[in-house]
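Note sheet for the following structure.
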Amino acid sequence: GELDDREQAKLEVKVWDPDSPLTDRQIDQFLVVARAVGTFARALDCSSSVRQPSLHMSAAAASRDITLFHAMDTLHKHNYDLSSAISVLVPLGGPVLCRDEMEEWSASEASLFEEALEKYGKDFNDIRQDFVSTK
């Protein structure tokens, strides 16, 4: 292979410190708060509540990776200060809503996609062409 003379430290970005001052329990509790904030944000967001018609579905959406990644990133960027990180999750304008691409799909689109997966397997070109051309 070719020699890579780039400085590794400049290529890497630290996104988590395993030696943070927080206990695992404190981190878990912060993630519970982040999921609760995400659920509340969905309840306030009209476009989201139409797509997520029940509290159960809103809570499930708030537990997706995107919400948890945002929470962990916020905690790291605020030097593991729980109070500071929570204030960022709930700023003056209202709670932060993190959405991933799955939340942009309606229930009928998701159902069509599941049907297409059963029919075509992972042939996503055919799935897009025959089932969900809008995605």
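At-a-glance table
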quantity: Residue count, the stretch 78-129 (criterion: basic (K, R) and part of a helix (DSSP H, G or I)); calculated: 2
quantity: Residue among L117, L97, L82, L112 that alone is at pLDDT below 95 and under 29 Å from K14 (Cα atoms); calculated: L97
quantity: Residue that is nearest to A43 (Cα to Cα) [pool: residues in the stretch 120-130 that are surrounded by 12 or more Cβ atoms within 10 Å (Cβ to Cβ) and not β-branched (V, I, T)]; calculated: R128
quantity: In the stretch 10-67, residue surrounded by the most Cβ atoms within 10 Å (Cβ to Cβ) [restricted to those that are among the β-branched types (V, I, T) and modelled with pLDDT of 90 or more]; calculated: V37
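The values are calculated or read from the model by the stated rules, or taken from the named source; none is laboratory data. Treat the numbers as computed from the prediction; the structure is a model and nothing was measured. Heads up, the Cβs are rebuilt from the backbone with ideal geometry, glycines too, and the neighbour counts pull from every protein chain shown.
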